[in-house]
Amino acid sequence: MKLLYPEHLVIPQEFVSMYWKSRHTDKIINQQEAAEKFNCTDRTIRNWIQYLRDNTIIYRDGLGILHVYGDVVHICDVHAPLHKEKFIDDVCKVDRIKSLIINGDLFNQESFSFFLKKQKDADFEEELGTVETILKRFLEVYDTISIVPGNHDERLSKNTEWVITFEHILAMIGLKDLINKRIFLTSADHLFYNDTFRCVHPHKYRAKPCSLAVALAKRFKENIICAHTHMLGKEKVFLYEKNTDFQGREYENVKAEYTVFDAGGGFDKDKIRYKIENTTTHSEWRNGFIVFRDGKNEIITDEKLLSYTVRVEEKIIW
Ligand SMILES: [Fe+2]
Ligand SMILES: [Fe+2]
């Protein structure tokens with residue numbers, strides 16, 4: 001793992017990972033044991049813990065995937081310029097957190113869509129200006145921004161057979177110098193947060209909230225923060241294992257437990273034309289983002305979560 005931020009850090013990555021994993025499980029690090037393991041004094045361990053509580057740390061692993069540690073605000077699916085201004089305001093109002101994760105679809109890149117029908121009020125020129133304004137506002141509040149590219153962020157790159165990359169697009173809006181200093185790009189469709197969550201912008205879609213995230217948790221045996229679905233929710237997933245007792249009776253016990261999120265987004269669904277035009281049974285899109293503070297998490301949304309029961313009283317088939 002190669003340390004990206006901050007450059008002066010002397011704490012071993014293994015301890016950084018151990019500390020943050022323990023925060024999410026409420027297990028307290030045994031300082032004496034840690035001191036022996038890392039061949040240092042208890043006081044050093046206390047100083048490290050103090051430092052980790054208040055700071056963001058970013059590593060890049062051998063595959064180019066980012067590992068972000070510390071308190072963060074997690075956002076996704078802004079789809080600028082088809083976004084909600086209030087969402088950007090709200091993200092900028094979270095205090096005492098210095099690290100932002102953007103889990104894909106910051107751009108909409110309507111002009112480069114493979115679908116023939118384009119939304120003319122979202123041209124790329126305007127989009128570049130809007131994203132520049134949004135990122136500069138975020139940079140006033142957050143020290144670091146870690147970005148996972150979404151399918152919409154990659155539309156121009158795909159059209160140009162990757163001659164134009166996401167880095168080139170950041171250069172177009174004058175932010176090239178901040179790459180690997182304050183803006184970090186992961187090399188895959190995901191990054192790892194506190195070595196506890198996989199933050200992913202998948203290229204698949206499922207129409208039921210959290211169902212894709214649950215499937216990913218089962219597949220990868222990890223906690224999942226899932227962007228791209230535009231839905232909002234949190235679920236606990238339990239994996240059971242079958243056992244047989246001494247009388248030969250079968251029983252199941254919990255082998256593992258995972259937390260999954262559908263991470264909402266900052267889009268304005270009333271501005272996204274295909275959402276308006278297509279009548280589907282897909283679940284409702286929801287705006288929202290997640291704040292991770294000191295090992296705890298909280299979903300922030302300005303909308304009421306509606307719960308409907310649909311009952312068919314009369315069935316007539318023509
Ligand atoms: Fe999206
Ligand atoms: Fe997406």
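The values are calculated or read from the model by the stated rules, or taken from the named source; none is laboratory data. As the structure is a computational prediction, the values presented were derived from the model and not from experiment. Cβ placement follows ideal geometry from the backbone for every residue including glycine, while neighbour counts extend to all protein chains displayed.
Couple of notes before you dig in:
- Within the span defined as the range 180-194, every residue fails to be at pLDDT 95 or above, over 30 Å from Thr259 (Cβ atoms) and surrounded by 14 or more Cβ atoms within 10 Å (Cβ to Cβ).
- Considering the range 252-285, and only residues there that are part of a strand (DSSP E or B), free of Cβ contacts under 8 Å to residues at least 24 places away in the same chain and in contact with a Lys or Arg (Cβ under 8 Å, 6 or more places away or on another chain), the residue that is farthest from Ala80 (Cα to Cα) turns out to be Glu252.
- Selection of the range 213-267 for residues being β-branched (Val, Ile, Thr) and away from ligand 1 (no atom under 16 Å from the Cβ) yields Val214, Ile224, Val237, Thr244, Val254, Thr259, Val260.
- For the range 254-268, the criterion of being away from ligand 2 (no atom under 16 Å from the Cβ) and under 24 Å from Pro149 (Cα atoms) is met by at least one residue.
- Cβ-Cβ contacts under 7 Å between residues 6 or more apart (or on different chains), taken from a first residue in the range 41-53 that is farther than 12 Å from Pro12 by Cα to a second residue that is surrounded by fewer than 13 Cβ atoms within 10 Å (Cβ to Cβ), are listed as Asp42/Gln32.
- Residue match in the range 210-224 (condition: more than 14 Å from the chain's Cα centre (by Cα), away from ligand 2 (no atom under 16 Å from the Cβ), exposed (fewer than 15 other Cβ atoms within 10 Å of the Cβ) and small (Gly, Ala, Ser)): no
- Scanning the range 89-108 for residues being farther than 21 Å from Asn151 by Cα and of a type outside the set (Asp, Glu) gives a total of 8.
- Those strands (runs of 3 or more DSSP E) of the range 83-195 in which at least 3 residues are away from ligand 1 (no atom under 16 Å from the Cβ), considering only elements entirely within it, cover 144-148, 183-185, 190-193.
- Residues in the range 229-250 that are free of Cβ contacts under 8 Å to residues at least 12 places away in the same chain and either surrounded by 10 or more Cβ atoms within 10 Å (Cβ to Cβ) or among the polar types (S, T, N, Q) (or both): Asn243, Thr244, Gln247.
- The single condition among (1) in a loop (DSSP other than H, G, I, E, B); (2) modelled with pLDDT of 95 or more; (3) within 20 Å of Asn297 (Cα to Cα); (4) β-branched (Val, Ile, Thr) that Ile11 does not satisfy is (3).
- Residue check, Thr144 out of contact with any Ser or Thr (no Cβ under 6 Å at 6 or more places or on another chain) and of a type in the set (Ser, Thr, Tyr): no
- Of all residues in the range 30-39, exactly one satisfies the criterion of being surrounded by 16 or more Cβ atoms within 10 Å (Cβ to Cβ) and either of a type in the set (Lys, Arg) or part of a loop (DSSP other than H, G, I, E, B) (or both), namely Phe38.
- Output for the range 150-164, where each listed residue is under 18 Å from the mean Cα position of the chain (by Cα) and within 16 Å of Leu128 (Cβ to Cβ): His152, Asp153, Glu154
- Within the range 44-78, tally of residues that are modelled with pLDDT under 95 and in a loop (DSSP other than H, G, I, E, B): 0
- Count of residues meeting criterion [among the acidic types (Asp, Glu) and modelled with pLDDT of 95 or more] in the range 90-105: 1
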